[in-house]
Amino acid sequence: MALLKGNLHTHTHLSDGLFSPEAVIARYRQLGYDFLAITDHDDRIGEDYWQRIPRGDGDPLVFVGVEIDYQPLGQHVGEIRGDRERLYVLNHPARYRLSVEDTLRRIALLKGNGLPVHAVEVTDTGLYKAEYDVEAIGLPKVATDDAHREPHFGRAWIEVDAPRDRDAILRAIKAGDFRLGFSR
Ligand SMILES: [Zn+2]
């Protein structure tokens, strides 16, 4: 089975990204991605947000999602929606300058408050943050672009060992069946 290349964290002009969803999807198609999640900020999107993301023609496979601003922590959590599966990602701990211990505390607090956390970003806007890619954080580690504009597109991705199906991809990520990729 071929590995599927994808980005789990992308913004559009439906929140603070520069480009339309259509333009962002086209950009990732041009980069050869198999899948892409649109994850605009939940506190900046309109009621019609979910309808305004085109599902596309499968090239790439588009996931809809949001980036949750979890209060009172101010911690961003990515929610990526499959058909039945949902994936929750603790986003960019590096941006908050969290220690590994702080990161573990936040994960425990989120889970204690009923929000699952399946994976942790080890990137900040596509740049690798090795200090979070450690065994002590016992969850799968994902790399994403958190793209808002050029030059964010195509910096960091995952390659998932799964059939070309939204739920299968999310299940494989939860199981850790993927590797990280970086353009530099
Ligand atoms: Zn983001």
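Structure above, values below:
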read-out: Only listed residue being within 13 Å of the ligand (Cβ to nearest atom), within 22 Å of residue 162 (Cβ to Cβ), charged (D, E, K, R) and surrounded by 16 or more Cβ atoms within 10 Å (Cβ to Cβ), chosen from 67, 85, 79; value: 79
read-out: Qualifying residue in the range 52-60 (condition: outside any loop (DSSP other than H, G, I, E, B) and within 16 Å of the ligand (Cβ to nearest atom)); value: no
read-out: Subset tally (residues that are assigned to a loop (DSSP other than H, G, I, E, B) and open to solvent by 40 Å² or more (accessible area, probe 1.4 Å)) for the range 118-147; value: 7
read-out: Selected residue (only one of 83, 40 is in contact (Cβ under 8 Å) with a residue 12 or more places away in the chain and either touching a Leu at 6+ places or on another chain (Cβ under 6 Å) or on the phi > 0 side of the Ramachandran plot (or both)); value: 40
read-out: One residue from 124, 145, 167 being touching a strand residue (DSSP E or B) at 6+ places or on another chain (Cβ under 9 Å) and closer than 25 Å to residue 36 by Cα; value: 145
read-out: Qualifying residue in the range 106-129 (condition: closer than 16 Å to residue 68 by Cα and of a type in the set (S, T, N, Q)); value: yes
read-out: Residues located in the range 1-29, provided they are over 20 Å from residue 43 (Cβ atoms) and assigned to a strand (DSSP E or B); value: 4, 5, 6, 7
read-out: Qualifying positions in the range 88-98 - open to solvent by 30 Å² or more (accessible area, probe 1.4 Å) and within 12 Å of the ligand (Cβ to nearest atom); value: 95
read-out: Pair list, Cβ under 7 Å, 6 or more apart: the range 88-101 residue touching a residue at least 12 places away in the same chain (Cβ under 8 Å), other residue part of a loop (DSSP other than H, G, I, E, B) and within 13 Å of the ligand (Cβ to nearest atom); value: 89/8; 91/9; 92/146
read-out: Which listed residue is assigned to a loop (DSSP other than H, G, I, E, B), closer than 27 Å to residue 74 by Cβ and touching a residue at least 40 places away in the same chain (Cβ under 8 Å), from 170, 115; value: 115
read-out: Tally, over the range 18-30, of residues that are open to solvent by 10 Å² or more (accessible area, probe 1.4 Å) and within 14 Å of the ligand (Cβ to nearest atom); value: 1
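The values are calculated or read from the model by the stated rules, or taken from the named source; none is laboratory data. Source: prediction; values computed, not measured. All Cβ positions, glycine included, derive from the backbone under ideal geometry; neighbour counts span all protein chains shown. When the accessible area is computed, the model is the full protein with side chains, heavy atoms only, and any ligands, DNA or RNA have been set aside. Shrake-Rupley method; radii C 1.70, N 1.55, O 1.52, S 1.80 Å.
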